[in-house]
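The values are calculated or read from the model by the stated rules, or taken from the named source; none is laboratory data. This structure is a prediction, so every number in the text was calculated from the model and none was measured. Counting neighbours? That spans all protein chains shown, and the Cβs are built from the backbone with ideal geometry, glycine included.
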Amino acid sequence: MRNTYAFLGFLSLASFAASPLAAADLGITITNNMAAGGSAFTPVWLGVHDGTFDTFDSGSAASAAVEAVAELGDTAPITTAFTGVGPQTTLAAGGPFVPGAVASTTLSVPNPTSERYLSFLSMIVPSNDLFMGNGNPTAIEVFDAGGNFVGPLTITVMGSNVWDAGTEVNDATDGPAFVLGVDATLGTTENGTVELFLGQAGAADYLSSFLGLTSATGYEFTNLVPADGVIATITIVPEPSTMALAGMGIVGLAVAGWRRRRAAR
């Protein structure tokens, strides 16, 4: 009997991923992994949906909501566009995520069987319209079709994953955000399409033009967006309260079955 209870205790700790719930709380932590003097990124928008909410497509014009994030770090339009689709939040680190900054939040998902996929967006600064995010709406699966959590998850954003929104000409003197003495609301309209940034001609020169400049808070840029370096990590784990509920459910079912077997003797 002691062995039976020990096994049930193990299940209560390890069975969250196998136990669909009516609702789930996700613990989300975002880290800027760049070295000191590297790029920052603005507060990160995150939304969980059924896989049909497409934030952007490579080779197509950016939506107004993506443009707002990519040019000014403004998540209000994407928040409005996502309203009614699923749970969402914008996570900040007391301002932009500078290198080494970490912030965490809890996101409640009412229906994991349908709200299964994560999308995120954030502006890379300093820049005119660089951003990070996933264009494929089903690329990041958080729950399977049965509502089971598939993590823990770690999403790694590399420098090679940074996007250029194609909405504003890349010019360090004309409208980039997060640069002292430059008006981020200015900038020359590009009328381009969303493309991976570092594969573009002139990308390295554009980044180099920011070196030695500072932000309004006195942050100096000394190295920016390495192609083979990690920009950010997003980790997703079940909150302890959700795990406890899952474990209680498993234990309750197991104990009920043991009682039925004992009564049948």
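I'd like to verify a number: residues in the stretch 63-91 that are touching a residue at least 40 places away in the same chain (Cβ under 8 Å), closer than 22 Å to Asp183 by Cα and of a type in the set (A, V, I, L, M), how many?
Restricting attention to the stretch 63-91, the residues satisfying the condition of being touching a residue at least 40 places away in the same chain (Cβ under 8 Å) are 66-67, 69-73, 75, 78, 87-91.
Filter once more, so that each one left must be closer than 22 Å to Asp183 by Cα: 66-67, 69-73, 75.
Then keep just the ones that are of a type in the set (A, V, I, L, M); that gives 66, 69-70, 72.
Residues in the stretch 63-91 being touching a residue at least 40 places away in the same chain (Cβ under 8 Å), closer than 22 Å to Asp183 by Cα and of a type in the set (A, V, I, L, M): 4 in total.
Only one entry of Glu168, Glu239, Glu195 meets the criterion of being at pLDDT below 90, of a type in the set (D, E, K, R) and within 24 Å of the chain's Cα centre (by Cα), and that entry is Glu239. Condition check: in a helix (DSSP H, G or I) and either in contact with a strand residue (DSSP E or B) (Cβ under 6 Å, 6 or more places away or on another chain) or modelled with pLDDT under 95 (or both). Does Leu21 satisfy that? When the stated conditions are applied, Leu21 does not pass them. A search for C-beta distances below 6 Å between a residue of the stretch 194-214 that is surrounded by 14 or more Cβ atoms within 10 Å (Cβ to Cβ) and any residue that is assigned to a helix (DSSP H, G or I), counting only pairs 6+ apart in sequence or on different chains, returns Phe197/Ala203; Leu198/Ser160. Kindly establish whether Ala6 is in contact with a strand residue (DSSP E or B) (Cβ under 8 Å, 6 or more places away or on another chain), part of a helix (DSSP H, G or I) and either farther than 30 Å from Ser127 by Cα or at pLDDT 95 or above (or both). In short, no. Out of the residues in the stretch 29-56 that are part of a loop (DSSP other than H, G, I, E, B) and of a type in the set (Phe, Trp, Tyr), state the one that is farthest from Ser108 (Cα to Cα). For the stretch 29-56, the residue satisfying everything is Phe56. Beta carbons closer than 7 Å, at least 6 apart along the sequence or on distinct chains, pair a first residue in the stretch 103-128 that is without any contact (Cβ under 8 Å) to a residue 60 or more places away in the chain and within 30 Å of Val179 (Cα to Cα) with a second that is polar (S, T, N, Q) and surrounded by 20 or more Cβ atoms within 10 Å (Cβ to Cβ) for Asn128/Asn170.
Per the conditions (1) surrounded by fewer than 17 Cβ atoms within 10 Å (Cβ to Cβ); (2) of a type in the set (A, V, I, L, M, F, W, C); (3) under 30 Å from Glu71 (Cα atoms); (4) modelled with pLDDT under 90, the sole criterion not satisfied by Val225 is (1).
For Val142, the conditions (1) under 18 Å from the mean Cα position of the chain (by Cα); (2) surrounded by fewer than 18 Cβ atoms within 10 Å (Cβ to Cβ); (3) not aromatic (Phe, Trp, Tyr) all hold with the exception of (2).
Considering the stretch 91-110, and only residues there that are crowded, with 18+ Cβ neighbours inside 10 Å and more than 26 Å from Thr222 (Cα to Cα), the residue that is farthest from the chain's Cα centre (by Cα) turns out to be Val109. Scanning the stretch 134-176 for residues that are in contact with a Ser or Thr (Cβ under 6 Å, 6 or more places away or on another chain) and assigned to a strand (DSSP E or B) turns up Thr154, Thr156.
For the stretch 37-65, which positions are in contact with a helix residue (DSSP H, G or I) (Cβ under 7 Å, 6 or more places away or on another chain), among the hydrophobic types (A, V, I, L, M, F, W, C) and closer than 24 Å to Glu115 by Cβ?
First, pick out the residues of the stretch 37-65 that are in contact with a helix residue (DSSP H, G or I) (Cβ under 7 Å, 6 or more places away or on another chain): 45, 47, 53, 55-56, 62, 64-65.
Going one step further and asking which of them are among the hydrophobic types (A, V, I, L, M, F, W, C), we end up with 45, 53, 56, 62, 64-65.
Listed by number, the residues that qualify are Trp45, Phe53, Phe56, Ala65.
Filter the stretch 162-193 down to the residues that are of a type in the set (Val, Ile, Thr) and within 23 Å of Val230 (Cα to Cα), then identify the one that is surrounded by the most Cβ atoms within 10 Å (Cβ to Cβ). Top of the filtered list is Val162.
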